């Protein structure tokens, strides 16, 4: 059982075990059965009972991130960040003009949004997001 504020998600080996657990909860608490789980904390849950699989997707969340940062028309890149790529303090902002240009760039907000995606369904971008998060102190 997973609990998020006032929502419960129940998983079990059999439907009868889940039904019994729901009955026990209902005997003690007022509950409302919302049916099969489709969304959990912004993550879409898709079950294929015939194939015995569960798939998780944050496509809607990622689409909202892209729209929020006006990146919905950018091209997809299937290559991850090169681990040998270096960013240094010498590349940090140093002039008033550079600071002014970056003032409206929501770098920290973008990194935070991507961190949630890495925790949910996108561990493949964890290295890149972690690496870039080291430079949040001086983005603007």
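What to note about this one:
- Within region 9-28, the residues that satisfy the criterion of being at pLDDT below 90 and loosely packed, with under 12 Cβ neighbours inside 10 Å are 11, 13, 14, 15.
- Scanning region 131-140 for residues that are over 19 Å from residue 61 (Cβ atoms) and either at pLDDT 90 or above or in a helix (DSSP H, G or I) (or both) gives a single hit, 131.
- Flag for residue 117 being touching a residue at least 40 places away in the same chain (Cβ under 8 Å) and on the phi < 0 side of the Ramachandran plot: yes
- For region 97-123, a residue qualifies if it is outside any loop (DSSP other than H, G, I, E, B) and either in contact with a strand residue (DSSP E or B) (Cβ under 9 Å, 6 or more places away or on another chain) or assigned by TED's automatic domain parsing to the domain that holds residue 44 (or both), and exactly one does: 120.
- Output for region 67-96, where each listed residue is in a loop (DSSP other than H, G, I, E, B), under 19 Å from the mean Cα position of the chain (by Cα) and free of Cβ contacts under 8 Å to residues at least 12 places away in the same chain: 70, 71, 72, 76, 77, 78
- In region 46-66, the residue that is farthest from the chain's Cα centre (by Cα) out of those that are assigned to a strand (DSSP E or B) and surrounded by fewer than 10 Cβ atoms within 10 Å (Cβ to Cβ) is 48.
- For region 71-88, the set of residues classified as touching a helix residue (DSSP H, G or I) at 6+ places or on another chain (Cβ under 6 Å) and farther than 20 Å from residue 133 by Cβ consists of 72 only.
The values are calculated or read from the model by the stated rules, or taken from the named source; none is laboratory data. Quantities reported herein were computed from a predicted structural model and do not represent experimental measurements. Cβ sites come from the backbone with ideal geometry, for glycine too, and all protein chains shown count toward neighbours.
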